[in-house]
1. Efficiency by 1/(1 + (r/R0)^6): what FRET value for B:Y211 and A:R139, r their Cβ-Cβ distance, R0 = 56 Å, to the nearest 0.05?
2. Report the accessible area of A:V104, computed with a 1.4 Å probe over the heavy atoms of all protein chains in place, in Å² rounded to the nearest 10.
3. Given all pairs of different Cα atoms, what value in angstroms does the Kirkwood hydrodynamic radius of region A:174-246 take?
4. Starting from the Cα coordinates of region B:170-237, work out the convex hull volume and express it per residue in Å³.
5. If you average the C-alpha positions of region B:197-220 and of region A:176-191 separately, how far apart do those two centres end up, in angstrom?
6. With a Förster radius of 30 Å, plug the Cβ-Cβ distance of B:L34 and A:S113 into 1/(1 + (r/R0)^6) and report the FRET value to the nearest 0.05.
7. What dipole magnitude, in Debye to the nearest 20, does region B:1-125 give about its Cα centre under +1 on Lys/Arg Cβ and -1 on Asp/Glu Cβ?
8. Got a sec? What order do B:M21, B:M240, B:M225 fall in by accessible area at 1.4 Å, biggest, i.e. largest, first?
Amino acid sequence: MADKILEIRHLSKAFGAHQVLRDIDFSVGKGDVTSIIGASGSGKSTLLRCINLLETPTSGEILYHGQNVTAPGVNAARYRSHVGMVFQSFNLFNNMTVLENCLVGQVKVLKKSKAQALEDARRYLNQVGMTPYLNAKPRQISGGQKQRVAIARALAMEPEVLLFDEPTSALDPEMVGEVLDVMKALAAQGMTMLVVTHEMAFARDVSTRVVYMNQGVICEDGTPEQVLGNPQKPETRDFLSRFRSN
Amino acid sequence: MDKFVKLIQDVEVLWSKYHPMYLNGVKNTLILALVATVIGFLIGLVCGVLNTIPCAKHDPAPKRVFLKLVRGLIRVYVEVFRGTPMVLQAVFIFYGLPYFTDGAVAFRGNAGMWLASIIIVSINTGAYMAESVRGGIISVDPGQTEGAKAIGMTHVQTMLHVILPQALRNILPQIGNNFIINLKDTSVMFIISFTEFFAAHKYIVGVNNMYFPSATVEMIGYLTMTLVASFLLRLVERMMDGADNYELVQEDSLTMTAGTYNHPHRGTPFDERSKESRERVRQGLKFGRNRGER
């Protein structure tokens, strides 16, 4: 295998007695665009949150370039700055403008100079088409625009992997397109992405790999043609047929 | 009615004779309330921030023990100072210190009185503010913390740049509340002979027995102070919220922005319609297509 950025080994997560993830093995190579699909409650989002250490795994290892980041004494903040995350609910900083949202991480975490950070923030905001709203506060822009700013904020940290946790699920239908367009452009540039999504078209057309999760385990894993076009497991077929009928 | 005339006359008499004393009282009250509210807020801020440091099961044991201890101490502080009257706290501290040190350490003279008053009111305010700040911090959407963590911010950075600015905006009305309460409650400091506004009243009525007129002056004085204070606080709140609108730097290519439709030669769609209808009317008049004519 070429350059593996992330390797997940025997990852399990339980909330009390409720076992959400069971013995997940999974890896992310450079340039992969992986879509994680599955029914609600199948553990997709929890897997993503565990990868970013927003949830502490109950057991198992997460290796980042071969280094275990779940070990005690690892600087979680430092690791997170290399792994970007885009949330379903945007989570833009409400007390800052669009531009400041993209600056704060660069200046405070990456310790870039103000001038350099400003230049980069403008470039990334331009890439997601949000240049007109540099001075707007999050409460003044639409959901789709917020999500585009959130993507620019994550990009400004120059992450190696970008995690997307259902980025379009909280959006009105007419705004889904603008966010997916930005994500497609990123995939085309070779950004390594891990996307939890319900957008089957995105999974089929953009991703290089599709993972189907069911009840806390990875049920099927392969190219979009394999998993979506010719699913092997009955659960996968079941899930996909429900999707088509909707 | 003549009683009111008499009251006004009495107030005028009191004011012309004692206004330097009243004004000095107002000045001392304002300074004490302001300084004590600021210090009390800082105490509350520190307590609130310490109280909300996350503590997980997998953290090292010394950190967990330390945090437990700190939380316990803050809890005791808040309960004791919130649960006893400030008059009594003043007496307790002012007379307790010389009692325990056999008079070696005491709040002496004018400076000592100021110091004692500021300490007591600050500590008291701090006990209330500790809970307000804690409430302000936990009321900020957890998504904000996650967003900050996700770009690699540490807990301290998250607090400083993301959570506290929002929490403080949310508790600003409570800070103002505390300031107004302090304006009034500093009046109990007369017990350690601090000469604030109410102490001026005590002194003046002791000389001339004009209880009711002097109380009227006090009432008007306190109400004026609190009204001005609430007005200023509203102003500060509005300033903190910033402008409601923002400037577009250029057009957004990805979305249709409703409501910003504009064309240099056309004006808004509403202008367009009115211009069209005006034109229609003019044409109608010109070519004489009136009713009944065919």
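The values are calculated or read from the model by the stated rules, or taken from the named source; none is laboratory data. What you see is a predicted model, and the numbers here were worked out from it, not measured in a lab. As a convention, Cβ positions derive from the backbone with ideal geometry for all residues, glycine included, and neighbour counts pool all protein chains shown. When the accessible area is computed, the model is the full protein with side chains, heavy atoms only, and any ligands, DNA or RNA have been set aside. Shrake-Rupley method; radii C 1.70, N 1.55, O 1.52, S 1.80 Å.
1. On the way: r = 54 Å, r/R0 = 0.97.
E(calc), rounded to 0.05, equals 0.55.
2. 20 Å²
3. 13.2 Å is the Kirkwood radius here.
4. On the way: hull volume 5.0 nm³, N = 68.
So the per-residue Cα hull volume is 73 Å³.
5. Between the Cα centres of region B:197-220 and region A:176-191 lies a distance of 75 Å.
6. The pair B:L34/A:S113 has a calculated efficiency of 0.15.
7. 540 debye
8. B:M240, B:M21, B:M225
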